[in-house]
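What follows is a single structure, written as structure tokens, with notes after it.
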Amino acid sequence: MIAIVLVALVALLHFYFLVLEMFLWTQPMGLRTFNNTPQRAEDTKVLAANQGLYNGFLAAGLVWGLLLGTAAGRPVLTFFLGCVIVAGVYGAISVSRKIFFVQAVPALLALGALYLA
């Protein structure tokens, strides 16, 4: 049960990232979240939307794995949680260490819980 809740939380986080990056990037909430200026946000909104789309794919993959059930979905969940972890580590190295804690740590916890279940 804990694994399912943690995976669902990771999926929800990535749907939230999708909304932030695809729809709120140039809005006050997006500007605050990413510490962006209006001009920089406007200049990068297409890139951010693309990034948001990828976050949506990660969330969709996690939901798919959850719908398959813990046993049948384990390989799918492992793959998508692994992708989230890699993305979080890369983001921490290339953008901000905060990304590791926001993105990779929840996925690591979910993956650990999945294999302890």
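Every read-out reported here was derived from the displayed coordinates using simple, explicitly stated rules and does not represent laboratory data. For clarity, every value in this text was computed on a predicted model and none was experimentally measured. A quick note on method: Cβ atoms are made from the backbone with ideal geometry, for glycine too, and the neighbour counts reach across all protein chains shown.
Tabulated values for the structure
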{"read-out": "Filter pass, T37 being touching a helix residue (DSSP H, G or I) at 6+ places or on another chain (Cβ under 9 Å), farther than 24 Å from I85 by Cα and surrounded by fewer than 19 Cβ atoms within 10 Å (Cβ to Cβ)", "value": "yes"}
{"read-out": "Residue match in segment 17-32 (condition: among the hydroxyl-bearing types (S, T, Y) and surrounded by 15 or more Cβ atoms within 10 Å (Cβ to Cβ))", "value": "yes"}
{"read-out": "Options L67, L9; residue that is free of Cβ contacts under 8 Å to residues at least 12 places away in the same chain, among the aliphatic types (A, V, I, L, M) and either closer than 20 Å to A104 by Cβ or out of contact with any helix residue (DSSP H, G or I) (no Cβ under 6 Å at 6 or more places or on another chain) (or both)", "value": "L67"}
{"read-out": "Test: G82 is under 17 Å from L18 (Cα atoms), part of a helix (DSSP H, G or I), under 13 Å from the mean Cα position of the chain (by Cα) and of a type in the set (G, A, S)", "value": "no"}
{"read-out": "Single residue of segment 86-100 satisfying the filter (among the hydrophobic types (A, V, I, L, M, F, W, C) and either touching a strand residue (DSSP E or B) at 6+ places or on another chain (Cβ under 6 Å) or in contact (Cβ under 8 Å) with a residue 12 or more places away in the chain (or both)) that is surrounded by the fewest Cβ atoms within 10 Å (Cβ to Cβ)", "value": "V89"}
